[in-house]
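For reference, the structure discussed in these notes is given below.
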Amino acid sequence: MKKRWVLVLGAACAACCAPLLLPLLGVAGLAGLGAGAASWLAGRGVGEIVCLAVLAAVFAIAFGAWFLRSRRAKAAACDVGGPCDPSGR
């Protein structure tokens, strides 16, 4: 009896979570295909391409964080009575 419940709960979990996990698995598959195609076109190994992609992602995240932080700082400087408030001059 217990084995049947485990199978039923497993099937229910798979039916519920499949729509949530399929896009993630699809993106991972496309990333793998992209790395394979890039390694074939560039004549490099897949490991080198993945390493460069991770490095590029780290730089992109760091740039994005810096950009958002600088925009927030500029927005905070433009509060009422701040240096760019037209009524404060």
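All of the numbers you see were taken from the coordinates with simple rules; none came from a lab. What you see is a predicted model, and the numbers here were worked out from it, not measured in a lab. Cβ placement follows ideal geometry from the backbone for every residue including glycine, while neighbour counts extend to all protein chains displayed.
Assuming R0 = 25 Å, can you tell me the calculated FRET efficiency for the pair L41 and F63, based on Cβ-Cβ distance, to the nearest 0.05?
With R0 = 25 Å, the Cβ-Cβ based efficiency is 0.45.
State, in angstrom, two size descriptors of the range 1-77 derived from its alpha carbons: Rg to one decimal place and Dmax to the nearest whole number.
That works out to 21.1, 67 Å for Rg and Dmax.
Along Cα→Cβ, 7 Å out, is where each label goes; now give me the distance between the ones at S70 and L55 in nm to one decimal.
With each label point 7 Å from Cα toward Cβ, the separation is 2.3 nm.
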